[in-house]
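A.B. asks: Could you have a look at this structure, given as structure tokens, before my questions?
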């Protein structure tokens, strides 16, 4: 596994579960509306910088470098809170997003490509018994 | 790359970008409150089943099998909408979550482990110029 040197608190680092590239997914969510903005990737140092600078910072897999969201676009993510999930392999970053989050210019990265979906209806297909 | 056989629409499959295990992350979000519930993993067939059955279905990396959320716990995720992100490597599944989403019994997987964070403040540290 690739693990770059990092100043991340060892007590946090010890709880992380990373992929073979030393990365884990980070969900960025607008703190007040709940809108899911994007999914990025972090390594230990990106998480450390996110926790200590107030700016969401990712690892760019395409460029192979740290990426402080908004440094080139101006569309910063100001960090409000960060949480690790129950098994340590994903992070939720609640932010105040300046401008569009997506590099395509849309507010978030999920608006442009809705997939045709059967809507689930518990009233029709679920077991209606008391144990549900 | 591992790609299991799937009935997923080829027009969707062609837009997916998967990891070496043939998987991509799927964010589950409560459709009405915006709460981020959990992050799971899907392959093509898990996405196909999610789109066609109305029940969020993941690939369990630990068990190596499909996992229809709630089949054992009763805590189903009824699908409301599904969207692919701008570069095809993540999915947002908006659901109606029955009961707790997390296997630990909490409503979502991110409540138990908040990390100490410096809160970002654009008023203090950002460039206040007109281009921001």
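A.B. asks: Go through B:104, B:72 for me and flag whichever is within 7 Å of chain A (Cβ to nearest Cβ), closer than 26 Å to residue A:17 by Cα and outside any helix (DSSP H, G or I). Explain how you work it out, then say what you get.
C.D. replies: Numbers: B:72 fails: within 7 Å of chain A (Cβ to nearest Cβ).
Only one candidate qualifies: B:104.
A.B. asks: If you take the residues in the range B:13-37 that are buried (at least 19 other Cβ atoms within 10 Å of the Cβ) and within 7 Å of chain A (Cβ to nearest Cβ), which one is farthest from residue A:112 (Cα to Cα)?
C.D. replies: Selected residue: B:36.
A.B. asks: Across the range B:39-53, what is the total count of residues that are within 11 Å of chain A (Cβ to nearest Cβ) and buried (at least 24 other Cβ atoms within 10 Å of the Cβ)?
C.D. replies: 4
A.B. asks: Does at least one position in the range A:26-39 carry a residue that is touching a residue at least 40 places away in the same chain (Cβ under 8 Å) and touching a helix residue (DSSP H, G or I) at 6+ places or on another chain (Cβ under 9 Å)?
C.D. replies: yes
A.B. asks: Further question: Among the residues of the range B:81-115, how many are in contact with a helix residue (DSSP H, G or I) (Cβ under 8 Å, 6 or more places away or on another chain), under 18 Å from residue B:30 (Cβ atoms) and buried (at least 19 other Cβ atoms within 10 Å of the Cβ)?
C.D. replies: Number satisfying all stated conditions: 3.
Bear in mind these aren't lab numbers, they're just calculated from the coordinates by the rules spelled out. Everything quoted here is computed from the prediction, not taken from an experiment. Virtual Cβ from ideal backbone geometry, glycine too; neighbours counted across all protein chains shown.
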